[in-house]
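K.L.:
Below is the structure I would like to discuss, written out as structure tokens.
Values in this text are rule-based calculations from the coordinates and carry no lab data. The model shown is predicted, which means the values in this text are computed figures rather than measured ones. Positions of Cβ are generated from backbone atoms using ideal geometry, with glycine treated the same way; all protein chains shown enter the neighbour counts.
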Amino acid sequence: MSKLTDARAAVGGLSNPSKMPGRATGLPAPECKTGSKLVKVSGSVCSDCYALKGCYQFPVVQKAQYRRLAALESPTWAQDMAVAVGRETWFRFHDSGDVQSLAHLEKIAEVARLTPNTRHWLPTREKQFVRQYLRKHGDFPANLCVRVSAAMIDGDAPVGFPNTSTVHANKPAQGFQCSAPDQGGECRDCRACWDSKIQNVSYKQH
């Protein structure tokens, strides 16, 4: 097998979201530290989590997600993930699930450093890990856009972070409004989520 094939096996495989550019990696949504609490809160962005229904409930998908979760314990995970990302121009952490710890976030940053030609996007609700990382390291690699997500629908963007995201339903969008709803749910040519120059991206509730 090739190094790429071996590396992707070592990290539990990658996902290939059809509506956005590039590859992604997904973890099981029930293992989200914050999301598993917010899913029980009416009006939260996690209360109708897409990663807890539909195709994400297929046994083969759940098995792959838990395989990726277990792979995080490997001491060579960052190096393996960098090889797995390969020549992808755009990459997303995570199309399901979220950051598990500060150590996990540090590994993701290392992947970004090892893949300087790839633009990475990490949406997360784990504010505490992001704060810990910024206090310890000062900033993320330039090719990694970490967007801290608001907890509530129509809520304000989180304060104190370089990049954020919100979800709007009955209030106007804050900052840049995601164009996917007007494009069949697809990113197409838009790369706002990966762009650190855009402070906040607002997604329409769907």
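K.L.:
Calculate the length of the line joining the C-alpha centroid of segment 63-103 to that of segment 147-206, in whole Å.
P.N.:
If we compute the Cα centre of each part, the gap is 23 Å.
K.L.:
On to the next question. Averaged across orientations, what area in nm² does the convex hull of the alpha carbons in segment 92-206 project?
P.N.:
That works out to 7.2 nm².
K.L.:
As a check on your grasp of the helix formula, calculate [θ] at 222 nm for the chain: sum -39500 (n - 2.57) over DSSP H runs of n ≥ 4, divide by the residue count, round to the nearest 500.
P.N.:
Estimated from H runs of four or more residues: -8000 deg cm²/dmol.
K.L.:
How high is the FRET efficiency from S2 to A103, r the C-beta distance, R0 41 Å, rounded to 0.05?
P.N.:
Efficiency for this residue pair is about 0.90.
K.L.:
Within straight cross-link reach of K127, meaning Cα distance under 28 Å, which lysines are found once same-chain residues fewer than 8 apart are removed?
P.N.:
K19, K33, K37, K40, K53, K63, K107, K136, K171, K197, K204
K.L.:
How large is log10 of I(q)/I(0) for segment 137-199 at q = 0.19, 0.22, 0.23 Å⁻¹ when the intensity is taken from the Debye formula with one equal scatterer per alpha-carbon?
P.N.:
For segment 137-199, the Cα-only Debye profile gives -0.79, -1.00, -1.07.
K.L.:
Here is a further query. Please label the shape of the chain as rounded, prolate or oblate, based on the square roots a ≥ b ≥ c of the eigenvalues of the alpha-carbon gyration tensor (a/c under 1.5 means rounded; beyond that, a/b larger than b/c means prolate, else oblate).
P.N.:
Working: a/c = 1.44, a/b = 1.32, b/c = 1.09.
Rounded shape, in that the Cα axes give a/c under 1.5.
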